[in-house]
1. Can you name every residue in the range 303-343 that is over 18 Å from the mean Cα position of the chain (by Cα), among the small types (Gly, Ala, Ser) and assigned to a helix (DSSP H, G or I)?
2. How about the range 226-263: which of its residues are touching a Ser or Thr at 6+ places or on another chain (Cβ under 9 Å) and of a type in the set (Phe, Trp, Tyr)?
3. Given the condition under 18 Å from residue 165 (Cβ atoms) and free of Cβ contacts under 8 Å to residues at least 12 places away in the same chain, answer yes or no: does some residue in the range 67-83 qualify?
4. So the check is Cβ under 7 Å with 6+ separation or different chains; which pairs have a first residue in the range 339-360 that's more than 15 Å from residue 77 (Cα to Cα) and a second one that's part of a helix (DSSP H, G or I) and polar (S, T, N, Q)?
5. Only one of these is modelled with pLDDT under 95, surrounded by fewer than 21 Cβ atoms within 10 Å (Cβ to Cβ) and in contact with a Ser or Thr (Cβ under 7 Å, 6 or more places away or on another chain): 3, 39, 10, 26. Name it.
6. What residue, among those in the range 177-197 that are surrounded by fewer than 17 Cβ atoms within 10 Å (Cβ to Cβ) and part of a loop (DSSP other than H, G, I, E, B), is nearest to the chain's Cα centre (by Cα)?
7. Just checking, which of 99, 62, 85 is within 22 Å of the chain's Cα centre (by Cα), of a type in the set (Ser, Thr, Tyr) and within 24 Å of residue 344 (Cβ to Cβ)?
8. Is it the case, given these coordinates, that residue 90 is hydrophobic (A, V, I, L, M, F, W, C), touching a residue at least 40 places away in the same chain (Cβ under 8 Å) and not in a loop (DSSP other than H, G, I, E, B)?
Amino acid sequence: MTERSRQTVELAAEGVCLCVEGTTRELQRTGRFAELLRELGACAVAAQPAAVAEAVRNGDAYQAHLSDLASRRVSTGEAVHSLLYEDARAACDKLLPHYRKSAGLCACVFVPLDPYADGRRAVAEASALWWTVDRPNAVVSVHVAHGEGPLVGDLLARGISVDVRSLFTLEQFDRLFEEFLSGLERARDAGCELSGIHFAASVPLRLLDESIAARLGLTARREDWAVAVARLLHHRREQLMDGARWRSLVRAGVRPPHFVWSSHAAPVTEAVHYLEELVAWNSVFSAGPGTLRAVRSRAELRGDSVSGTEMCSRQVLSTLHHHGVDLYDLGLELQQTQLKAARAEWTELCEAVEALLRRA
């Protein structure tokens with residue numbers, strides 16, 4: 001049996017949870033999912049529509065399920081939801097023993113919401129996902145953009161755990177934290193058990209670094225811009241959790257919000273660097289299986305690497321303003337970019353499922 005590495009044990013001791021991105025039914029069926037759990041311990045997992053689309057096109061893990069759905073003549077949209085929800089339930093069940101022993105987002109399963117849904121439909125779709133999966137360690141992943149309604153607060157008010165997939169600036173987090181507070185206050189007043197509601201906000205680190213480098217006319221990252229932003233977000237969370245509203249919710253059993261440091265699409269060496277620089281309590285480091293395995297042998301951990309870094313982080317980012325980079329505007333642009341990318345992935349999955357339904 002594979003033993004957990006020193007690094008994964010140290011991360012757990014610092015309150016850092018690992019998250020495996022891009023899990024599919026094939027990963028679970030072949031036993032590689034169980035192997036990952038033995039290596040990484042209690043970890044979260046995140047479904048990605050692009051990974052499921054690839055498995056639908058090039059594997060056989062979903063064929064029997066889609067054949068049954070074709071016999072029932074279900075719509076493509078219903079079939080996509082059926083695949084994702086079944087995967088989520090299976091992953092939740094495998095992780096449930098770990099979830100019951102741990103706290104926070106360890107052993108949770110992030111399930112994507114249809115990114116084309118907005119307004120009332122988004123709330124209805126998320127509620128349907130929550131009821132259908134029906135597991136305490138499920139978390140609904142959503143994309144938000146500037147100007148949209150209070151989706152996060154509305155979902156939390158219904159007792160639904162939420163992960164916001166695109167956070168880039170302090171201003172965006174301030175808005176999310178207000179939704180977090182108001183949503184949980186409504187949930188408390190409605191009699192919901194607050195200890196069972198999770199909230200997370202994901203920071204796509206490489207996308208942020210690449211976008212800043214492009215604004216500066218650089219071909220590669222030159223500074224730890226995304227790390228600086230992430231560290232300031234952590235500091236801002238500590239400030240916001242010092243208010244009276246937060247303390248009132250703590251007395252009602254609320255869990256603190258998590259940050260998910262996403263190294264999606266980052267090379268292994270870059271992802272390991274992100275991990276080393278962002279070891280902080282109540283955080284999640286998210287990457288593909290190969291990158292997380294590399295952590296076992298490459299990461300040089302030094303305990304909490306975030307506390308006490310506020311001043312140097314502000315210094316790193318202060319140079320951006322002098323070069324004409326407005327992080328606030330960039331953050332709004334990147335939220336739209338992430339939403340468009342999520343919709344493209346969802347369309348890709350729908351097309352792959354539709355093609356197989358026709359052949360079944």
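The values are calculated or read from the model by the stated rules, or taken from the named source; none is laboratory data. It should be emphasised that the depicted structure is a prediction, and the values quoted were computed from it without experimental measurement. Here the Cβ positions follow ideal geometry from the backbone for every residue, glycine too, while neighbour counts run over all protein chains shown.
1. Hits for the range 303-343 are 313, 318.
2. Selection gives 259, 261.
3. Checking the range 67-83: not a single residue is under 18 Å from residue 165 (Cβ atoms) and free of Cβ contacts under 8 Å to residues at least 12 places away in the same chain.
4. 360/67
5. On the way: 3 fails: in contact with a Ser or Thr (Cβ under 7 Å, 6 or more places away or on another chain); 10 fails: in contact with a Ser or Thr (Cβ under 7 Å, 6 or more places away or on another chain); 26 fails: in contact with a Ser or Thr (Cβ under 7 Å, 6 or more places away or on another chain).
The conditions single out 39.
6. Taking the range 177-197 and keeping what is surrounded by fewer than 17 Cβ atoms within 10 Å (Cβ to Cβ), we get 178, 186, 189-191, 193, 195-196.
Among the residues that remain, those that are also part of a loop (DSSP other than H, G, I, E, B) are: 190-191, 193.
Values: 190: 27, 191: 27, 193: 23 Å.
Filtering first and then ranking leaves 193.
7. Criteria check complete, one pass: 85.
8. yes
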